[in-house]
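Following: one structure in structure tokens, then a few remarks.
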Amino acid sequence: MRQIERLLSRYNESHQNKTNVAIHAIAVPSIFFVTVGLVWSIPAPTWFEQFNINWAHVVIIPMLYYYFMLSGPIGAAMTLLSIATLAGINLLEYNGVSVWQFSLVLFVIMWILQFVGHKIEGKKPSFLEDVRFLLVGPAWWWTHWLKRMNIGY
């Protein structure tokens, strides 16, 4: 069994209840978005401006490498999510929304929802056993879409 299959199988063990799965379908990509938004908001060195980058760009590169090492299709899917996330954050900034405030509020709300989902499920969140599951959550979310498109992971 490949590493990605083992991780997804273990993650799936605590995500069986339909309500918990529905909550995660909303909360997981939202948490990804706002986590990137929070990292985006960390003040960057002035020389970053020469390259039009910030800390979010720097953090996304090794994260995508990890996903591609697990699975090409999941790496590609996470690249799409990352591009959409960065575009969404740019849109927030363009419209004068404070990225860090928006991200912090939504971060707290989505994590509360996640814990409510796990209370309903009756099982603790996977990341409490292994922090890698914080990265496996978005991959798990994508597997549902990849299966619908008949793309293996």
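The values are calculated or read from the model by the stated rules, or taken from the named source; none is laboratory data. Keep in mind that what you see is a predicted model, and the values were worked out from it rather than measured. Cβ coordinates were reconstructed from backbone atoms using ideal geometry, including for glycine residues, and neighbour counts include every protein chain displayed.
Below is a table of values for the structure above.
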item	result
Residue check, H24 surrounded by 18 or more Cβ atoms within 10 Å (Cβ to Cβ) and outside any helix (DSSP H, G or I)	no
In segment 111-143, residue surrounded by the fewest Cβ atoms within 10 Å (Cβ to Cβ) [restricted to those that are under 17 Å from V34 (Cα atoms) and among the β-branched types (V, I, T)]	I112
Residue that is surrounded by the fewest Cβ atoms within 10 Å (Cβ to Cβ), among those in segment 6-21 that are in contact with a helix residue (DSSP H, G or I) (Cβ under 6 Å, 6 or more places away or on another chain) and hydroxyl-bearing (S, T, Y)	T19
Flag if Y153 is touching a helix residue (DSSP H, G or I) at 6+ places or on another chain (Cβ under 7 Å), farther than 22 Å from A22 by Cα, among the hydroxyl-bearing types (S, T, Y) and surrounded by 13 or more Cβ atoms within 10 Å (Cβ to Cβ)	no
Boolean, S71 is at pLDDT below 95, crowded, with 17+ Cβ neighbours inside 10 Å and not basic (K, R)	yes
Residue, farthest from W145 (Cα to Cα), within segment 38-68, restricted to residues that are loosely packed, with under 15 Cβ neighbours inside 10 Å and of a type in the set (V, I, T)	T46
Those residues of segment 88-117 which are out of contact with any Phe, Trp or Tyr (no Cβ under 7 Å at 6 or more places or on another chain) and in contact (Cβ under 8 Å) with a residue 12 or more places away in the chain, in sequence order	W100, F102, S103, L104, L106, F107, M110, W111, L113, Q114, V116, G117
Selected residue (criterion: nearest to the chain's Cα centre (by Cα)) from residues of segment 35-56 that are more than 21 Å from I109 (Cα to Cα) and in a helix (DSSP H, G or I)	A56
Selection status of I83, under 28 Å from W145 (Cβ atoms), part of a helix (DSSP H, G or I), of a type outside the set (K, R) and out of contact with any Gly (no Cβ under 9 Å at 6 or more places or on another chain)	yes
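Residue-by-condition table, conditions (1) closer than 29 Å to S14 by Cβ; (2) in contact with a Leu (Cβ under 8 Å, 6 or more places away or on another chain); (3) assigned to a helix (DSSP H, G or I):
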{"site": "V58", "(1), (2), (3)": "no, no, yes"}
{"site": "I61", "(1), (2), (3)": "no, no, yes"}
{"site": "I74", "(1), (2), (3)": "yes, yes, yes"}
{"site": "I89", "(1), (2), (3)": "no, no, yes"}
{"site": "S103", "(1), (2), (3)": "yes, yes, yes"}
{"site": "F107", "(1), (2), (3)": "yes, yes, yes"}
{"site": "F115", "(1), (2), (3)": "yes, no, yes"}
{"site": "L134", "(1), (2), (3)": "yes, no, yes"}
